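Each reported figure results from applying straightforward, stated rules to the coordinates on display, with no laboratory input. Just so it is clear, the model here is predicted, and its values are computed rather than measured. Neighbour counts are summed over all protein chains in view; Cβ atoms, including those assigned to glycine, are modelled from backbone coordinates with ideal geometry.
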Amino acid sequence: MFLSSLCSIEIKGVISAPVVHGEVVFSAHNLSLMMKCIRARVQVSRVASLGYINKCSTATALEASTTAANEKTVAASMMAEVLAEMKGMRKDMTERLDKIEDSLKGVKEQIRGCERRLDEAEQRVSNTEDNGARADRLLTYMIRKQRCLEAHCEDIENRSRRSNLRIYGVKEGAEGGENMLDFTARLLKVALKLPDNDDLAIERAHRSLAAKPINTNISRSIVVKFLHFQTKQRILYKGWNTKELQFEGSRITLDHDYSTALQRRRKEYGEIKRQLKERNIRFRSSYPAVLRVTLDGGEKSFNSAWEAADQLKHLGITAKLSEAELMEKELHRRGWTAPLRPGGERLTRALVRDIESLSN
């Protein structure tokens, strides 16, 4: 403070120096004194600054130390909070994982149940497929067996008709009130020119059992049963060997008395026979319904009309097949039918096992 006052007094004294033409006239003494004052002033400023700096440094150090302590305290507090939060999160995660594990156990049980049901379903499907295959084999066997039995029954029926004869072409009502046995005997003797004393031994005779036709131009056939098969054969062959049979102005024909089913099967060949006859191709019909055709390569036999139509296409022969023949052809194509053999279809051990499996 003293130096400051002194410098202030000196400066004032210097400023109060004489002025020449508006300028301050500095003397050497004044300048020297002025420099001293300035130096003193600078020195004082340095001392004051150093003191202030020392004071600030001390305060800053104390403040830094306090701040560091506070920061340590805050960090410790935050660390404790973080640890507590992490412990809470760990506990929460543990609980949630336990719940997820329990849920997964339930899902695993459901998956195991689904796997068991799937295995059961696969086993049932496999059993169903096996049963279906067994049923197919048994059905094939039964169809073939049924066809064999049907063929045997038809054969038995036709054998029982071996002594029968059918007469076609006799006008409806031509018998009048005459006994049918006497009328038939007179008809055959007149048409075949047999002697009057020839005993034909006719056992029964009647019109076919179809309803009486309304159209008089259509007539029912006459079924004749002879007591002896030889008599029937003699009459039939004589009728076949006669060029044309006539009775009361009507042309008549003689033929075997076949069952209805066999007549239908033999009738299927009608269109094929007509075309063979137009082409002068020899053929003959054999029992039960076999068509034998003589070709350049020899004689060929056909057991059905559809088979004959297919095999004779190269000759330009066509035939309109009935629905029954088309069904037979389709069944044969699918392998459901097979040629009938003596004894029919035989039951095998494999079929017996199939029956037992389907019965269980």
Pairwise label distance in nanometres, K105 with L209, each label 7 Å out on the Cα-Cβ vector = 8.1
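As an exercise, use a Förster radius of 45 Å and the Cβ-Cβ distance of Q246 and E323 to find the FRET efficiency, rounded to the nearest 0.05.
Numbers: r = 37 Å, r/R0 = 0.83.
Once rounded, the FRET efficiency stands at 0.75.
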Sorted by average packing, counted as other Cβ atoms within 10 angstrom per residue and highest first, what order do 225-237, 300-312 take?
-> 300-312, 225-237
Total formal charge among the other residues, if their Cβ is under 11 angstrom from that of V190, Lys/Arg +1 and Asp/Glu -1 | +1
